[in-house]
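Every read-out reported here was derived from the displayed coordinates using simple, explicitly stated rules and does not represent laboratory data. Worth saying up front: this structure is predicted, and the values here are computed from it rather than measured. FYI the Cβ positions are ideal-geometry reconstructions off the backbone, even for glycines, and counts take in every protein chain you see.
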Amino acid sequence: MYAFTYEAPGTAADAAALAGQGGQYLAGGQSLLPSMRLRLAQPGQIVDLNRVEGLAGITVTAQAVEIRAMTRHADVAANPQVQAAIPALAELAGGIGDRQVRARGTLGGSLANNDPAACYPSAVLGLGARIITDRREIAADDFFQGMYATALDSGELITAVRFPVPKKAAYLKFKQPASRFALVGVFVAQTQQGVRVAVTGAGLSVFRHAGLEAALNQSFTPDAAAQVLIDHTELNSDLHASARYRAQLISVQTQRAVSQMLG
């Protein structure tokens, strides 16, 4: 690693002030620390959020599940209120990485990093959640802007995410066996505004699939999803899977998610 200084503020205001001076936020550390060890990242100052008061916890109402940014994946997966309100969200959290990753990784850290194959972005986009920061609220459709890129301004701190409770939802992930990231993950949700389909692992960033959404809004059946042509030309292709294979996985995972939701 490169040399750096370390700060552990107790309030969000103090954390933001340090970030404004050039500090890099540290949440669960599951992405930043490996990058630092490989010398792919070299922050001069680390601002550890783990001691910031009020940044962890879950609140559930009939309309929404609000998860604060430093809540661990394992806590989301095990929370009985989340399991009852949005079972797909709890299941998604329980399938991230391995037990050690789930014990340390956080919702806010995952979203701020916006790895192209991360699971949480698909739930945020698929459910039409709102990302709450120390400065504003950002709609999910405006938040994800490309590979490792988001709408966050420099020093802006995610404090919570508010997930509307859907009518039904499901998340299907085809795992890359070594990393357990998604080769393709599909989050399908029946919301008050219609069906939303979010895909992770297949492109440069999480994205909604307009063709699948249109077909499923017309007929919410696996057959309707199967009839949609998935264009592979802008999808990822690597040693784990070709773009054509990922296109096929999008179709199959969507069909299976719909079947699961129909029950």
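Observations
- Efficiency of FRET from Cβ geometry, Gln63 and Ala214, R₀ 25 Å, rounded to 0.05: 0.40
- The calculated P(r) of the chain, using every Cα pair and 10 Å bins from 0, goes 7, 31, 36, 19, 6, 1 in percent.
- Cα gyration tensor of region 1-119 - equivalent ellipsoid semi-axes, whole Å, descending: 27, 17, 10
- Each peptide in 161-174, 213-226 receives the mean, over its residues, of other Cβ atoms within 10 Å, and ordering these scores from highest gives 161-174, 213-226.
- Kyte-Doolittle mean at least -0.5, axial Cα span of 24 Å or more - DSSP H helices of the chain: 243-262
- Binned Cα-Cα distance frequencies in region 139-209 - 10 Å width, integer %: 17, 42, 36, 6
- Charge tally around Ile230: other residues with Cβ under 10 Å, Lys/Arg +1 each, Asp/Glu -1 each, net +1.
- Taking every alpha-carbon pair under 8 Å whose residues sit at least 6 apart, region 98-248 reaches a relative contact order of 21 percent.
- For region 33-179: Kirkwood Rh in Å [reciprocal of mean 1/r, alpha carbons]: 15.8
- Charged neighbours of His73, selected by a Cβ distance under 9 Å, balance to +2 (K, R count +1; D, E count -1).
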